[in-house]
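Reviewing the structure listed below.
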Amino acid sequence: MASYYPPTGFHFKVEFLGVSGMDKDEEHRFQDVTGLSFEIETELLKEGGENRFEYKLPKRAKYPNLVLKRGLLTGSAILDWMNSAMNTFFTVVVYDFKPADIMITLLDEAGEPVAIWNVVQAYPLKWSVSDFKSTENTIVVETIELAYQYFERKK
């Protein structure tokens with residue numbers, strides 16, 4: 001009987017579906033992905049005559065922002081997509097931005113998918129870059145924060 005070993009979390013790829021220019025392999029490489037979680041909001045219902053407990057009724061799911069981190073890329077298709085969003089959000093003249101679905105794939109040691117999450121209708125909220133320090137020899141990291149509607153686990 002074979003033993004089951006939980007997968008490791010360091011081998012994964014992130015794909016922005018529908019964003020042009022994403023054919024370069026380095027566009028799919030990130031060092032951190034956070035925000036793949038959900039929480040169900042509840043509403044308390046107090047029933048008359050019942051003093052031992054309150055009913056907790058489910059309302060809707062809440063999804064936190066998706067945060068992606070990677071080494072800074074020049075000529076990035078994701079940066080072009082984010083600039084398109086900024087131009088669309090803050091001008092009335094051009095409306096050419098389209099939210100993107102994002103596929104996050106956890107891979108095994110052979111590069112085969114172990115689990116796949118599809119993040120639906122993501123759009124950028126924030127972009128930042130790590131601090132520049134002359135006393136440290138570190139990689140410049142860009143952080144991309146995205147809002148999205150929901151996610152589904154495909155595998």
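Here R70 clears all of (1) in contact (Cβ under 8 Å) with a residue 40 or more places away in the chain; (2) farther than 19 Å from Y148 by Cα; (3) assigned to a loop (DSSP other than H, G, I, E, B); (4) among the basic types (K, R) except the condition numbered (3). When the range 8-31 is filtered for residues that are among the basic types (K, R) and part of a loop (DSSP other than H, G, I, E, B), the ones remaining, listed by number, are K24, R29.
The residue of the range 19-30 that is nearest to N83 (Cα to Cα), among those that are surrounded by 12 or more Cβ atoms within 10 Å (Cβ to Cβ) and in contact (Cβ under 8 Å) with a residue 40 or more places away in the chain, is V19. Within the range 85-98, identify whether any single residue is surrounded by 16 or more Cβ atoms within 10 Å (Cβ to Cβ) and touching a helix residue (DSSP H, G or I) at 6+ places or on another chain (Cβ under 8 Å), and answer yes or no. Checking the range 85-98: at least one residue is surrounded by 16 or more Cβ atoms within 10 Å (Cβ to Cβ) and touching a helix residue (DSSP H, G or I) at 6+ places or on another chain (Cβ under 8 Å).
Inside the range 44-73, residues that are under 21 Å from the mean Cα position of the chain (by Cα) and either modelled with pLDDT under 85 or under 17 Å from V19 (Cβ atoms) (or both) make up a count of 4.
I'm checking my understanding of the structure. Among residues of the range 74-110 that are in a loop (DSSP other than H, G, I, E, B) and touching a residue at least 60 places away in the same chain (Cβ under 8 Å), which one is farthest from the chain's Cα centre (by Cα)? Only one residue tops the list, namely E109. For the range 32-58, filtering for residues that are over 20 Å from L68 (Cα atoms) and assigned to a loop (DSSP other than H, G, I, E, B) leaves 9.
The values are calculated or read from the model by the stated rules, or taken from the named source; none is laboratory data. Please read these numbers as outputs of a predicted model, since none were measured by experiment. Glycine also receives a Cβ, built like all others from the backbone with ideal geometry; neighbour counts cover every protein chain displayed.
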